[in-house]
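This report concerns only the one structure given below.
The values are calculated or read from the model by the stated rules, or taken from the named source; none is laboratory data. Computed from a prediction, not measured in an experiment: that's the story for all the values here. When we count neighbours, we look across all protein chains shown, and the Cβ atoms used for this are built from the backbone with ideal geometry, even at glycine.
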Amino acid sequence: MTEWPEVGEIVVIRVTKVLNYGAFADLLEYEGLQGFIHISQVASRWVKNIRNYVRPNQVRAAQVIHVEPAKHQVDLSLTKLSKEQERLKIEEWEQSKRARKLLEVFAKQQKIPFDKAWKEIAEPLLENYETLMDAFQDAVFEGSKVLKPVPEKYAKPLLKMLEKSIEIPKKRVRGVIKIKSYQPDALISIKKALLAGLREAKGAEVDIIYAGSGKYLVTSVAYDYKTAERTLQAVSKRVIEEMQKAKGEASFEKLE
């Protein structure tokens, strides 16, 4: 049975054919499915020569704008995504491929079928993590406790293999929180808000440094941009909420 993407979903594609009126592309996460990008969905500006924007074998991220299984049709758009969304999606896809490959290698080492490895290792980890690579990287970062859902006979050799195979990269994102408070206990309220924000730092290292004039520089460092970005947003959101409760003002601006 063919699995179909949902409208609005962001997918990874490989361009296969470019025509004057649009381009065809394979959906790399959906085996056997091909989509079409009309020339009007290639760029947000007028396109004189479509080949200046897409080319065969190019790997891109696109948004699904129409699905019609009866006609075996999937329409895609490149204009609906920001460069940041595209970069994050492709990075996630590449990490997913690598995680699957690592599990394949481990299955061969343990002399078990891949399907068995997926069921007994991947599925239990995916109950707690959004992606398998998130779980693998966290295991390297935090140790064997991450692999508790995995059968004990696999946990130790898996961690040993992951420690040899995965080097945790440092991805850094930053932003500025501006805080104002005219309450008598302003300093105490600000300190409590910042500490509450830091408690939202999960999966990333977060530093908050006073930059003067009511501005606080927030830096989130993780092994992938997605986690770093998610943590930065969670921390800043909590600080803003806490300051509002304390009758103060706060706003956040991400730094590029």
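A compact table of results
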item	result
Selected residue [of a type in the set (Lys, Arg), at pLDDT below 95 and outside the structural domain of Glu92 (by TED's automatic domain parsing)] from Arg60, Arg45, Arg14	Arg45
Residue among Ser220, Ser189, Ser251 that is in contact with a helix residue (DSSP H, G or I) (Cβ under 8 Å, 6 or more places away or on another chain), part of a helix (DSSP H, G or I) and not assigned by TED's automatic domain parsing to the domain that holds Asp134	Ser189
Per-region count, the stretch 221-256, residues of a type in the set (Lys, Arg), buried (at least 18 other Cβ atoms within 10 Å of the Cβ) and under 19 Å from the mean Cα position of the chain (by Cα)	2
Count - residues of the stretch 122-139 that are among the small types (Gly, Ala, Ser) and at pLDDT 95 or above	1
Hey, Tyr216 crowded, with 20+ Cβ neighbours inside 10 Å, modelled with pLDDT of 95 or more and hydroxyl-bearing (Ser, Thr, Tyr) or not	yes
Neighbours by Cβ (under 9 Å, 6+ apart or cross-chain): first from the stretch 134-147, under 14 Å from Pro124 (Cα atoms); second part of a loop (DSSP other than H, G, I, E, B) and of a type in the set (D, E, K, R)	Asp134/Asp224
Some residue of the stretch 70-80 being closer than 28 Å to Asp224 by Cα, surrounded by 13 or more Cβ atoms within 10 Å (Cβ to Cβ) and in contact (Cβ under 8 Å) with a residue 60 or more places away in the chain	yes
Looking only at the stretch 22-32, and only at residues there that are at pLDDT 95 or above and farther than 20 Å from Glu92 by Cα, the one that is surrounded by the fewest Cβ atoms within 10 Å (Cβ to Cβ)	Phe24
Subset tally (residues that are assigned to a helix (DSSP H, G or I), at pLDDT 90 or above and charged (D, E, K, R)) for the stretch 140-174	7
Enumeration of residues in the stretch 1-21 that are assigned to a strand (DSSP E or B), surrounded by fewer than 17 Cβ atoms within 10 Å (Cβ to Cβ) and among the aliphatic types (A, V, I, L, M)	Leu19
Tabulated pairs, the stretch 165-193, first farther than 17 Å from Ile208 by Cα, second of a type in the set (S, T, N, Q) and at pLDDT 90 or above, C-beta under 6 angstrom, 6+ apart or interchain	Ser181/Ser189
